[in-house]
1. How many of the residues making up segment 526-546 are under 14 Å from His773 (Cβ atoms), at pLDDT below 95 and surrounded by fewer than 20 Cβ atoms within 10 Å (Cβ to Cβ)?
2. How many residues does segment 112-140 contain that are more than 18 Å from the chain's Cα centre (by Cα) and either closer than 27 Å to Val694 by Cα or part of a loop (DSSP other than H, G, I, E, B) (or both)?
3. Only one residue in Asp620, Asp642 is in a loop (DSSP other than H, G, I, E, B) and either among the hydroxyl-bearing types (Ser, Thr, Tyr) or at pLDDT 90 or above (or both), so which one is that?
4. Tell me which residues, restricted to segment 291-308, are farther than 13 Å from Val385 by Cβ and either part of a helix (DSSP H, G or I) or within 16 Å of the ligand (Cβ to nearest atom) (or both).
5. With the structure loaded, tell me whether Leu273 is part of a loop (DSSP other than H, G, I, E, B), of a type outside the set (S, T, N, Q) and either under 29 Å from the mean Cα position of the chain (by Cα) or within 11 Å of the ligand (Cβ to nearest atom) (or both) or whether it fails that test.
6. Given the conditions (1) within 16 Å of the ligand (Cβ to nearest atom); (2) surrounded by fewer than 24 Cβ atoms within 10 Å (Cβ to Cβ), report the number of the one that Phe119 does not fulfil.
7. If only one of Glu217, Glu288, Glu221 is more than 9 Å from the ligand (Cβ to nearest atom), farther than 28 Å from Glu463 by Cβ and part of a loop (DSSP other than H, G, I, E, B), which one is it?
8. On the given criteria, is Asp247 more than 21 Å from Asn383 (Cα to Cα) and within 14 Å of the ligand (Cβ to nearest atom)?
Amino acid sequence: MPSATARAKRVRRARRTPRDDPARNELVSRSLESAQQCLLNQDYGTAFVHYLLVLNLAPVLKDFARESFRFTLFKWAEELDSLGRIQDLFDCYEQALELFPTDEVILNSMGEHLFRMGFRDEAAGHFHKALKLKPDFTEAKENFYRVANWLVERWHFLMLNDSRRNQKYQQAIRKAVESGCSTVLDIGTGTGILGMCAKKAGADKVYACELSKTMYELACEVVSANGMNGTIKILHMKSLEMEIPKDIPERVSLVVTETVDAGLFGEGIIESLLHAWNHLLLPHENPEEPSSSPALTGRVIPAGATVFGMAVECQEIRRHHRVCVSTAGGLSLSIVQDFHSPVSCKRDADDSMEPYTTERLSRLPGGYAPLTEPFCALNINFNSVQDLEGLCSQEPIRFNLPVTQAGVLDALAMWFQLHLDEEISLSTGPQEDTCWEQAIYPVQNHYVCVNPGDELIVEISCEDAYLRVHGVAVVRDGSVVISLDDSDDSPSSPTAEAELCSALACLQTNHGRSLEACVLECSEIALLNNVRYHESFRRALDKLVTGLRPECVPQGDDEPLYVLDVSEGFSILALVAARHSSVKAFSSVEKEQHQAVLSRLAQANGVQPEALEFWLGRSDDSDAAGLQRPSTEKLWSAIVLDCVETCGLIRQKLMDKAALARCLLETGGRIFPQRIVMYGLLVESDTLLLESAVQGREPTLGFNIAPFINQFTVPVHVFLDLSTLPCKHLSDPIELFVLDLMNCSVNYSHREVKLQATCSGRVTAVPFWYRVHLDEEISVSTFTEDSHWKQAAVVLHQPLEVSTGDTVRLDIHLHSSSLSITACKEPASYSTHSSLTINNRFS
Ligand code: 44T
């Protein structure tokens, strides 16, 4: 509340600066002129300062100057960004927002900068504000959907929709509170559900902490919407930073937490509980002298956990972690032995490696086969400081697992049972119908076949509080036949005999080792394994090259054909093109290590060094992504664009890139692919609904949580495995949309498609995928079992009831890379089998 003196001062100041002050008007008009002149001279920094002065002195000019001011700000911000003057950049945005606090375009643009700098919470706040100001602001919507996924991870929806899990926690908390635990701390409260359970069960004092700002804010809203405002103290902090009495006044008798990930310890539960026992919890009951009052002792829900594991064969895991092919697109890959996915828990793995990945085994395309019985790997008591401390200092434990089924050893899969108390537990196993995934420890670099009778030696450790699991060796008839442990200093180094065996095994499969490890993303490994994709590209490129340089023409001094591959990440397509003696290929592969691998592959495949160049940072304009002429007087014969992201969405700015690429093609030149066609179908899938929004109050124990967390619902689901998605197909697949990269004039941004329901049910989603047409004859689909792409789906705002034979109209909008689909039933009289199309050209 401003004080009376401050108000008086402002009134006086206003009186001293009347609008018709001639000196001031003169200053305004001269500054405005200077601003415009600087803008013309592209001196954006000075123009910006002039505009600030003008608009602060003469706010009446705001409407008039808004557009130029925004333009100046964005240009100046770009410059500051490229100079690394980040603080100045944000200062400028703040000054701009003081002048235009409700300008959605400025808010959105500042959000984009914040996001790029890694300030996701703040970015989300800006996109959210921009959207509130203008709900149909497409860019802000697209941006918000992107950050929503970062801010509130999708598993929150799954966990909150898992009523059985919620009920079990509620039951365990109620029992503990009723038995006398009256002060409770919920560590990692998320939306506040466990804290609210404790309060509802009658706890006197409930505290909760949450490290994510977005989740903390959500928890505050949720708690107050459930009438518990002021009865639960929520702190925005990591539990490890909490102190008594600064943050909470007293030690608590109960800690509740579900800060566990698929690998149990990945959210830091060991460290959090050790800290809690040392600083936040009352001492645990001494088993020798049981205390009469649980209010005076401390305990934890969950009380402990048992970790299980088994070895599996799984082709889907294999093709994402190990290059299984020896040739791709006519190139031999065999000199590169050590393509690694960034998942390894070997001793020599560096910080950039994750010890495990997560998958829901039951949903992996192609399934999996257990090679051993499940084994119990670890038992931990969260109520024992000794157990918690011992875990990390403990030597690795070895297990000898009898192989029960013949197969290829692809991974060790781990899961756990969480013992909430002595009676209540929940399991994250692959057979359970829960929201949980399993932790996957892929076997890299070794192609190991095991047989019944073999024994697999597995080592489990918990260094740095991560569960680490790796296969050590395979024992056959009492001796080690295959060693899986590559590290030299390993205490589990194999015997000389075993080494010989493993060298032999390598000889059979590896043709000797010649390159150090090359780390590729899982999707890049799957891409290399995608034989069909590379073969199709090879054929299409060969056709183009022979078309432009018929064999009969002597090559002599001919100018080479220039081919540019601007695929994202790792790609060997430039090299596939460079096999032709008439081609000079350029690759946009950025990482040094990847360039080295490409150069080695070029050498091994007899490609002349000058036939492959790296094409990086040639353009100042980041949007152009390297799209420039190969040389001043030459144009490209082919440009390879990477159109579909692994997650199943069209790449952002694809059509802008295609437009640019078209201008850089010689006559007869091509963009690969030339066209992509999107297909989709109607499905009923409760799974997709559960992953996208909390379904009312029922799953969340009657608490009102859904409207708050559902603000972070996004309509498009990515990284789907459509072949294993639990769903009922309600129509045949249909063409939804066509994007022509070679001829922009035939494109549209909106289309209506009609299709017939082949089954009765509730349409909840429209999954979609693409056929990527390299040329008129050659195409690949993004929905095949060897695809490195996943699929995506639009979840409808409202499910649509249909009966067999009903006609459903889909309204499809594509703006940049953001897709929206609405569905409605057509009245029976209009029913038709054919689809009707409305074409709106891309602007
Ligand atoms: N994901 C499971 C992991 N936190 C669950 O910020 C199962 C993943 C999953 N707050 C598919 C399915 C599933 N102090 O909001 C988070 C986190 C917070 C803390 C304060 C601390 N020491 C921590 C540690 C974590 O706790 C919340 C829950 S973590 C649960 C992780 C459905 N994919």
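1. Residues that pass the stated criteria total 1.
2. 17
3. Working: Asp620 fails: either among the hydroxyl-bearing types (Ser, Thr, Tyr) or at pLDDT 90 or above (or both).
Sole residue among the options that is in a loop (DSSP other than H, G, I, E, B) and either among the hydroxyl-bearing types (Ser, Thr, Tyr) or at pLDDT 90 or above (or both): Asp642.
4. Answer for segment 291-308, where residues must be farther than 13 Å from Val385 by Cβ and either part of a helix (DSSP H, G or I) or within 16 Å of the ligand (Cβ to nearest atom) (or both): Pro294, Ala295, Leu296, Ile301, Pro302, Ala305, Val307.
5. no
6. Result: Phe119 fails condition (1) only.
7. Numbers: Glu217 fails: part of a loop (DSSP other than H, G, I, E, B); Glu221 fails: part of a loop (DSSP other than H, G, I, E, B).
Just a single option satisfies the conditions, and that option is Glu288.
8. yes
The values are calculated or read from the model by the stated rules, or taken from the named source; none is laboratory data. In this text, all values refer to a predicted model and were calculated from it rather than measured experimentally. Note: ideal-geometry Cβ built from the backbone for every residue, glycine included; neighbour counts use all protein chains shown.
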